[in-house]
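Student: Quick one: the structure is below, questions incoming.
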Amino acid sequence: MISELDNLAETTAPKSYNGWYLYDNEYYAKCTASTSDYETYFSDGTNVKANVSYWFKCEPITWNVIGSNDGEYRLVSALLLDKSKYLGTTEVGYAWNNYEMSGIRKWLNESFYNSAFALNDEYIQISTVANGAETIDPVSESSVVCGDTEDKVFLLSYQECAEIFANDEGRRAYVSDWTIAKNPTKNSDYGAYTATYWTRSPYLVNTQEHYNWFRVSFVNTRGEFAKTQACNDSHAIRPAITLKID
């Protein structure tokens, strides 16, 4: 089957749904592994090798319900689905940890949305996503909060992660095989790989101006909160959406 998929990808046959290939009535996507850790394994036990291309069957995303109101359901992915920098604009007047202007917000609502929901997006609602001071770590001295955004896909804030998940174990998240190939910071202490993932919340513990532009809260492999630079390229993505079912 792999050779047939490779042959399909090399032909002029059109790609379907933002990079997926249709083969035997199923959709597949190809990814070249970026991991340099030869002790990394996919869920079936296959050793992941750097710079080797792998095919992945496109399967429905599993979601956890984290809230509901009058037929609307707020969901967050059960697994970590991809990896990306948070980094946003470098225009004067905006910080790299400004969620409204961030690259990760753009990626979620364009590349991810167009791929993940290509077959059906009729129930997905535009959510008002709060980005004020009430959404960040209360210990943070950050002044880099931005206006609320209107998004179809978004990241959870620090406060949402703290309120929705009762403890570190609840915040801990496992990775999809696709994400394993992207090589996020991961940990195999819990029976399968958990990985670090972004929140949308800026963080500041130092009043020096340059820190004000870069730090973001994230969840580490143990489910604890931590802080990092927005340009960090090792954290995974746990998207959230709102559905309305009549």
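Student: May I ask you to compute the full-extension gain from Ala118 to Glu134, defined as 0.36 nm times their residue separation minus their alpha-carbon distance, rounded to one decimal in nm?
Tutor: In short, 2.4 nm is gained.
Student: Do you know the Lys pair count in region 63-244 for C-alpha distances under 26 Å, with sequence separation 8 or more or different chains?
Tutor: Value for region 63-244: 20.
Student: Taking neighbour counts of Cβ atoms within 10 Å as a proxy for exposure, in what order, fewest first, do Trp55, Trp198, Trp178 appear?
Tutor: Trp55, Trp178, Trp198
Student: Could I ask something else about it? What is the local net charge at Lys182, summed over the other residues whose Cβ is closer than 9 Å to its Cβ (Lys, Arg +1; Asp, Glu -1)?
Tutor: Summing Lys and Arg as +1 and Asp and Glu as -1 gives 0.
Student: Stretch Gln125-Asp246 to full length: gain in nm at 0.36 nm per residue minus the Cα-Cα span?
Tutor: So the extension gain works out to 42.3 nm.
Student: Moving on. Using the count of nearby Cβ atoms within 10 Å as a rough guide to exposure, how do Ser53, Ser115 rank from fewest to most?
Tutor: Going from sparsest to densest Cβ surroundings: Ser53, Ser115.
Student: Going by how many other beta carbons lie within 10 Å of each one, how would you line up Thr62, Thr228, Thr194, fewest first?
Tutor: Thr62, Thr228, Thr194
Student: Pulled fully out, how much extra length does the chain show between Asp44 and Lys30, if you take 0.36 nm times their separation in residues and subtract their Cα-Cα distance?
Tutor: Roughly 3.3 nm would be gained on extension.
Read-outs throughout are calculated quantities, based only on the coordinates presented, and are distinct from any laboratory measurement. Worth saying up front: this structure is predicted, and the values here are computed from it rather than measured. All Cβ positions, glycine included, derive from the backbone under ideal geometry; neighbour counts span all protein chains shown.
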